[in-house]
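Structure first, commentary second.
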Amino acid sequence: MSMPKILAGLLLSTMVSIAAADDLYKVELILFENSDPAAQQAEHWPANPGLPALDNTRELAAHSAAPEKNSWRLLPPAEFALGGIYQRLRASSHYRPILHTAWVQPLDNSDRKLGVHVYSGMQNEAASAGTDTGVTRKIDGSVGLRRGRFLHADVDLIYMKAASATAVSTTAVRLVDTRRLRSKEVHYLDHPLLGVIISVNPVAGRDASRAK
């Protein structure tokens, strides 16, 4: 499926500046729902899409005392770079942002598959998911990076939506994708119901020292 024009405009207008590469990388992630009824009826989704495996994921803390080269931590919203995209998604009648989060992590050249556990409320952002009365939304899964010859992101997320906290019927869709990434670019992972915008950039200079 081709990227909707509205999203293409959002992404093309956003570039993330970087300096020289370092072993620390900044990952920023926006998850959003396509609330267009036509998109929700475009395909039939499996009743049970399965659950992402979380046994090889890392839980992130907002502050880390670990050495710089082994530092994993969530970033505060003040250090987000994609806030403009998030706000425009909120203002759109077609898309509903669910989560906006960012973190710093080390990355070497091994083909390791340790991912970050991504879930609703990991940065208290779930409250901005929308104002639908009684509707509950949940995101769970992982985002992992690999850096060999090229940088790749492995994404495995499930999105569950119920009419209320006690609803028996729940819509669940799963997005599983591997995407080759380039620094200085914002990438869009396409799914009829769940969209993922991701940027991954090396941390350099004084920013690296702040991640200690």
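The values are calculated or read from the model by the stated rules, or taken from the named source; none is laboratory data. None of the values given here were measured: they were computed from a predicted structure. So basically every Cβ, Gly included, is an ideal-geometry build from the backbone, and we count neighbours across all protein chains shown.
Please go through region 169-190 and pick out each residue that is of a type in the set (Lys, Arg) and surrounded by 14 or more Cβ atoms within 10 Å (Cβ to Cβ). Give the derivation first.
Keep residues of region 169-190 that are of a type in the set (Lys, Arg), which gives 174, 179-180, 182, 184.
Those that are of a type in the set (Lys, Arg) and surrounded by 14 or more Cβ atoms within 10 Å (Cβ to Cβ): Arg174, Arg179.
Suppose we filter Pro46, Pro37, Pro52, Pro67 for residues that are out of contact with any Cys (no Cβ under 9 Å at 6 or more places or on another chain) and at pLDDT 85 or above; which single one remains? Let's see the steps before the verdict.
Values: Pro46 fails: at pLDDT 85 or above; Pro37 fails: at pLDDT 85 or above; Pro67 fails: at pLDDT 85 or above.
That would be Pro52, the only listed residue that is out of contact with any Cys (no Cβ under 9 Å at 6 or more places or on another chain) and at pLDDT 85 or above.
Which one is farthest from Leu193 (Cα to Cα), of the residues in region 149-166 that are surrounded by fewer than 18 Cβ atoms within 10 Å (Cβ to Cβ), modelled with pLDDT under 85 and in contact with a Ser or Thr (Cβ under 8 Å, 6 or more places away or on another chain)?
Ala165
Output the qualifying pairs, or none if there are none: Cβ atoms under 8 angstrom, residues six or more apart or on different chains, first residue in region 173-186 and within 14 Å of Leu82 (Cβ to Cβ) and in contact (Cβ under 8 Å) with a residue 12 or more places away in the chain, second residue part of a strand (DSSP E or B) and of a type in the set (A, V, I, L, M).
Note: pairs meeting the criteria are Val186/Ile197; Val186/Ile198.
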